[in-house]
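Novice: Take a look at this one; I'll ask things after.
The values are calculated or read from the model by the stated rules, or taken from the named source; none is laboratory data. This is a predicted model, so every value here is computed, not measured. Using ideal geometry, Cβ is built from the backbone for each residue, glycine included, and neighbour counts are taken over all protein chains shown.
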Amino acid sequence: MKKPTEKFRIPRIAALIHSDALASSVTLPMELSMAAAQTAGQPIRNENNVLLVSENGGQITTSGGLTVDTQAIDTIGRLDLLVISAIWRDPRRVLKRHPSLIPFIRRVAESGAAIAAVGTGSFLLAETGLLKRKAATTHWFWFDEFSKRYPEVELRRDQLIVQSDNLYCAGSVNSISDLLVYLMGSFYNAEVARRIENQFSPEIRQRFRTTQLGSHTLQEHYDDVVMDLQLYMREKLRAPVSMEDFARRYDLSERTLSRRFQRATGTTPWQYLLSLRMGEAASLLRSTNLSITQVAAEVGITDSAHFARQFKKANQLTPSQYRKAVRGKVFSAN
């Protein structure tokens, strides 16, 4: 497979850590970002991949015992992305121990850089005040405490990944992989994002655009009709539906509904439905022994050849290749 020939600027990325950080919430973004740069054909060395930053710099030993060298936050210049590591156990301890992290995060965000808070790292982001009257999420165990501490933040308990302008929250360490795939796509292009996703884990639960517990795409919107249609599509995933059916349901013309949907979500109704179907198909290929024809039927596609073409277009692998790659990751009992 040829590498992309388009030229890119390598994004400047930093990961914010401290002694209570979960190292995996930092090392995974480091590996994904390095893979994205290499996939894009960019020369990169370990030392300029992702900067590790802390309050005062120097060596930091994380909660899991990993010791790393870091740079002090007051030495960091312009960034494209700041990853805020997940916090082991009580996040309120970090707020008390490291108050200078708050103005640093605020400064980076106000410069226009993207901020990605992992798990309870969202407490540090919320403490800046930048999430007031905006949507966010955090690790499920800390929902109530987060809601109590930050009542002006719209806590989305139903979503694993939430975006508010340049601020992103991933509810868990597992979710950050989906978010990083999306962000690498914005820094490079969609082809790079697809390649690193397939390279790292073809068995990722679903693509980022459908990981938010199935009800919303990445782009937030407040169009009740479009939200209802998105939910309706999930309910009718296996049923034969048409744009005419959708338009009749909301007493709108097909053209008006299509434009309204695209304005709210950034994609067309059929592209959105196809994305849902391909995500469900990937799940069935991972977790069942259904034939390719049966999987296609389960997601509302009666032509198995058409299904295979669409699946390969979305995943860069045929359904059979995808299933083989996923099953190949399962450890043998022997």
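Novice: Please go through the range 11-45 and pick out each residue that is among the charged types (D, E, K, R) and either closer than 15 Å to ASP80 by Cα or assigned to a helix (DSSP H, G or I) (or both).
Specialist: ARG12, GLU31
Novice: Quickly run through the range 146-175 and pick out the residues that are in a strand (DSSP E or B), touching a strand residue (DSSP E or B) at 6+ places or on another chain (Cβ under 6 Å) and not charged (D, E, K, R).
Specialist: Within the range 146-175, ILE161, VAL162, SER164, LEU167, TYR168, CYS169, ALA170 meet the criteria.
Novice: Still on this model: Applying the selection to the range 127-145, what residues are exposed (fewer than 12 other Cβ atoms within 10 Å of the Cβ) and in a loop (DSSP other than H, G, I, E, B)?
Specialist: ARG133
Novice: Suppose the filter is touching a His at 6+ places or on another chain (Cβ under 9 Å), modelled with pLDDT under 95 and either over 19 Å from LEU81 (Cβ atoms) or surrounded by fewer than 22 Cβ atoms within 10 Å (Cβ to Cβ) (or both); does SER172 pass it?
Specialist: Yes.
Novice: Identify, from the list VAL192, VAL225, the residue that is within 25 Å of VAL299 (Cα to Cα), of a type in the set (A, V, I, L, M) and either modelled with pLDDT of 75 or more or crowded, with 18+ Cβ neighbours inside 10 Å (or both).
Specialist: Step by step, each of VAL192, VAL225 is checked, and only VAL225 is within 25 Å of VAL299 (Cα to Cα), of a type in the set (A, V, I, L, M) and either modelled with pLDDT of 75 or more or crowded, with 18+ Cβ neighbours inside 10 Å (or both).
Novice: Can I ask one more? One residue is enough: does the range 75-90 have a residue meeting the conditions over 21 Å from LEU32 (Cβ atoms) and touching a helix residue (DSSP H, G or I) at 6+ places or on another chain (Cβ under 8 Å)?
Specialist: So far as the range 75-90 goes, no, none of its residues is over 21 Å from LEU32 (Cβ atoms) and touching a helix residue (DSSP H, G or I) at 6+ places or on another chain (Cβ under 8 Å).
Novice: Considering every residue within the range 55-63, establish whether at least one is surrounded by fewer than 20 Cβ atoms within 10 Å (Cβ to Cβ) and within 25 Å of the chain's Cα centre (by Cα).
Specialist: yes
Novice: Hey, another quick one. Which members of the range 130-144 meet the condition of being in contact (Cβ under 8 Å) with a residue 24 or more places away in the chain and charged (D, E, K, R)?
Specialist: The one that is in contact (Cβ under 8 Å) with a residue 24 or more places away in the chain and charged (D, E, K, R): LYS134.
Novice: Being touching a residue at least 60 places away in the same chain (Cβ under 8 Å) and either under 22 Å from HIS139 (Cβ atoms) or not in a helix (DSSP H, G or I) (or both) is the requirement here; does LEU95 meet it?
Specialist: So LEU95 fails the test.
Novice: Something else about it: Restricting to the range 121-144, give me the number of residues that are closer than 24 Å to VAL26 by Cα and among the charged types (D, E, K, R).
Specialist: Going through the range 121-144 one residue at a time, the tally reaches 1.
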